[in-house]
Amino acid sequence: MGKKSLAAPYIVWMAGFIVIPLLFVFYYGLTDKSGAFTLENLAAIASPEKVSALLRSLKLSVLSTAICLLLAYPLAMILKGLHVKKGSFVVFLFILPMWMNFLLRTMAWQTLLDRNGVINNVLAFFHLPGINIINTQAAIVFGMVYNFLPFMVLPIYNVLIKIGDDTVEAARDLGADGVQTFFRVIFPLSMPGIVSGITMVFVPALTTFVISDLLGGGMVLLIGNVIEQEFTFTANWNLGSGLSLVLMVFILISMVLFAKYDKDGEGAAV
Amino acid sequence: MNAPLIRLDKVSKTFDGTMVLDELELSIKENEFMTLLGPSGCGKTTTLRIIGGFEKPDTGRVYFEGTDITDLAPNKRQLNTVFQKYALFSHMNIAENIAFGLKIKGKTKSYIHDKIKYALKLVNLDGYERRSVTSLSGGQQQRIAIARAIVNEPRVLLLDEPLGALDLKLRQDMQYELIRLKNELGITFIYVTHDQEEALTMSDTIVVMNQGYIQQMGTPEDIYNEPENAFVADFIGDSNIIDSLMIEDKLVEIFGVKFPCVDTGFGRNQPVDVVIRPEDVELHPEGEGRLPGVVSHIIFKGVHYEMEVMAGGFEWLVHSTVCHPVGAKVGIDVDPFNIQIMKKPESEDEEAVGVNG
Ligand SMILES: Nc1ncnc2c1ncn2[C@@H]1O[C@H](COP(=O)(O)OP(=O)(O)O)[C@@H](O)[C@H]1O
Ligand SMILES: [Mg+2]
């Protein structure tokens, strides 16, 4: 009985900040302006403009998730290799920027990457050619990788440090060289961290509108921007909610498929 | 044939400025069951890890059949290790765990299949192929760890306190299993334990270590009956270690009473340590025996009574099948050949000096 009452604040929190807003999204998404039931808001996703935004979102988020994974895995391995004390300090350095406002960090990059921004000024000072990526898809991918990289590093690091030295030594003892030990033991054992890392990067990357707004300069429309505009610019909450629902289902399906693929893959990796 | 299979030549190892092994010399013969025995922290695991290739000695060399393997990677050595915490691969089932080494070596599917069956039979876990690691008990995981090592047909099996995490009954069963395995496989075992009973039960040769030095090396009987110094006597089994005076050859004075003994060559009137095992102390009725005493404590242990007898100002530990109640007056005597005389260490250093060249 004591335990139940301890959970009460959490349940209130869940109800207030997750369930009720979600119910609103469902309500708006499935009704029209007069409040009558309709599926039009869901079907709206089929318009060519929205499909192409969704595909663009998909492309950029898959790309940035892949880049995050490629960067994060070796980083997490290096962190694991450091001594416990040093390791946790470096992990702290990683978490530190996450405490800074997401918007501020991205705006900072907007200034840094600007055609006449800090980076190009420094490059010009050394007589090097400037970079022109602001307001392109490349800048958006860069922003995604920059913002979401810690969410890939941390879960992978967390599973890696749980792999005991004796497990690695057992592999070596049984004749595996460094490369075989990695692919047959370390990598498969770190799969749960990779899966949660991918989830934690892919989902926010797919739905972001801030990064594409700031670093894409409004030239590159992602599905997040389309939905955002329905809420703010056109003030059509019904359509915005409907599209959100479709996106949610889309994410759910891809997560289920991913989890299933991962299970199959685990068996095949051995 | 008599050349050592593995030889450690003046191996030293320091961790963070602390000397863990100091010029250790060790030879292991083919087909020997050798046990490294000593208190926790004395360097047993470090010695084993140096043999396995997981640790490099600071100085000194390791030889395998006369070849220097000091710098050889662990995966290139003809030996396998059974780790203290089993270290099974949790993402693989039992069959995959056992097959790991064989797959690396590129053995055929049918060979691997047969080997898995054979190894599971050997460790009494037939039919466990598809089970997951986490569904096994500690004792079963340990057997799988052994199976995973021996399918590779190593020349030497290294075992680091493999029974340390098991309860007493299971530990005793596994001790017999291991001896049986060793005899069936005919390979060399290097076994690490801090449990002297385990060492006495299983080994051909026991190496008693303390603080990075070898204190004594010999058969279990040698170590038990003729400990070379007070540390070994104290560590191996219960014993009475008494400050005494060697009057002359074959005569020692214990608490002012002369006892005939069999040792010679200690000089005249030299202080020595005397070791007498509790089961070698004879209790006679009052007035008989050499040294009078009073029983101060008694516990029934099943096979024998364990008594403490106050005599000569010393609490003697005595094992006997005859019960003498607390307060009983007794006379202590010891057979001459049950009195083990040891030279007193002259310095700290000598106490720890290796005895085997
Ligand atoms: N990797 C290491 N780093 C620092 N000290 C170590 C390391 N390995 C062992 N030691 C130290 O060396 C000493 C001997 O350790 P070990 O060989 O494990 O002893 P045993 O196995 O006999 O208990 C201990 O004091 C231990 O703390
Ligand atoms: Mg140890």
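Quick rundown of the values:
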quantity: Estimated vicinal HN-Hα couplings, Hz - segment B:5-11 in sequence order (Karplus 6.51, -1.76, 1.60; Gly, Pro = x); calculated: 6, 10, 9, 9, 10, 6, 7
quantity: B:E65-A:S5 FRET efficiency (beta carbon distance; Förster radius 60 Å; 0.05 resolution); calculated: 0.30
quantity: Computed P(r) (all Cα pairs; segment A:144-190; 10 Å bins; percent); calculated: 25, 42, 22, 10, 1
quantity: Interatomic Cα distance distribution for segment B:290-350, bins of 10 angstrom, percent; calculated: 20, 41, 24, 12, 2
quantity: Label-point separation, B:S40 to A:D32 (7 Å along Cα→Cβ), nm; calculated: 7.7
quantity: Tail fraction, Cα-Cα pairs, the protein assembly as shown, threshold 42 Å, whole percent; calculated: 51
quantity: For B:H284, net neighbour charge (Lys/Arg +1, Asp/Glu -1) across residues whose Cβ lies under 12 Å away; calculated: -2
quantity: Hull volume in cubic angstrom per residue (convex hull over the Cα atoms of segment A:1-154); calculated: 220
quantity: Equivalent ellipsoid, chain A (semi-axes from 5 times Cα gyration tensor eigenvalues, Å); calculated: 36, 28, 19
quantity: Calculated FRET value between A:Q229 and A:N121, using beta carbons and R₀ = 45 Å, to 0.05; calculated: 0.85
quantity: Residue-level accessible surface for A:K86, protein heavy atoms, 1.4 Å, Å²; calculated: 120
quantity: Extension gain from B:S110 to B:D333, taking 0.36 nm per residue of separation minus the Cα-Cα distance; calculated: 73.6 nm
quantity: Loop GluC sites (Glu not before Pro), segment B:228-332 (other Cβ atoms within 10 Å of the site Cβ: 15 or fewer; DSSP); calculated: B:E286, B:E288
quantity: Fraction of antiparallel bridges per DSSP, chain B only, in percent to nearest 5; calculated: 75
quantity: Amide N of segment A:56-82 lying under 19 Å from the label point, which is placed 7 angstrom from the Cα of A:Y261 along Cα→Cβ; calculated: A:56-73
quantity: Inter-probe distance in nm under a simple model that places probes 7 Å from Cα toward Cβ, at B:M310 and B:L72; calculated: 6.2
quantity: Chain B: calculated mean residue ellipticity at 222 nm from DSSP helix runs of at least 4, using -39500 (n - 2.57); calculated: -7500 deg cm²/dmol
quantity: Over segment A:65-159, volume per residue of the alpha carbon convex hull, in Å³; calculated: 122
quantity: A:T199 - accessible surface, heavy atoms, 1.4 Å probe, Å² rounded to 10; calculated: 40
quantity: Heavy atoms of B:H113: accessible area, 1.4 Å probe, square angstrom to 10; calculated: 110
quantity: Simple spin-label estimate for B:E197 and A:L96 in nanometres, 7 Å along Cα-Cβ; calculated: 5.7
quantity: Charge dipole (debye, nearest 20) of segment B:230-353; +1 at Cβ of Lys and Arg, -1 at Cβ of Asp and Glu; calculated: 420
quantity: Kirkwood Rh and Cα Rg combined as Rg/Rh, segment B:122-272; calculated: 1.15
quantity: Spatial extent of segment B:230-353: Rg and Dmax, with the Cα atoms as the point set, Å; calculated: 14.9, 44
quantity: Per-residue [θ]222 nm for chain A (sum of -39500 (n - 2.57) over DSSP H runs n ≥ 4, rounded to 500); calculated: -23500 deg cm²/dmol
quantity: Residue (of B:T264, B:S137, B:S320) at the positive-pole extreme of chain B, dipole from beta-carbon charges; calculated: B:S137
quantity: Three principal axis lengths of segment B:6-225 [C-alpha, angstrom, descending]; calculated: 46, 38, 32
quantity: Occluded residues from segment A:153-186, i.e. those whose accessible area drops by 50 Å² or more once the chain is not alone (1.4 Å probe); calculated: A:D166, A:E169, A:R172, A:D173, A:L174, A:R184
quantity: Nearby lysines by direct alpha-carbon distance to B:K10 (threshold 18 angstrom, same-chain neighbours under 8 apart not counted); calculated: B:K29, B:K44, B:K56
quantity: Alpha carbon centroid spacing (whole Å) that separates segment A:196-255 from segment A:1-66; calculated: 10
quantity: Residue order for A:M152, B:M19, A:M14 - accessible surface, 1.4 angstrom probe, largest first; calculated: B:M19, A:M14, A:M152
quantity: Probe 1.4 Å, protein heavy atoms only - accessible area per residue of segment B:6-225 in square angstrom; calculated: 42
quantity: Radius 15 Å from Cβ of B:G186, net charge of other residues (Lys, Arg +1; Asp, Glu -1); calculated: -1
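The values are calculated or read from the model by the stated rules, or taken from the named source; none is laboratory data. Everything numeric here is computed off the predicted structure, so don't read it as measured data. Ideal geometry is used to build each Cβ from the backbone, glycine not excepted, and the neighbour counts take in all protein chains shown. Quick note on the areas: whole protein, heavy atoms, side chains included, nothing else; ligands and nucleic acids left out. Shrake-Rupley method; radii C 1.70, N 1.55, O 1.52, S 1.80 Å.
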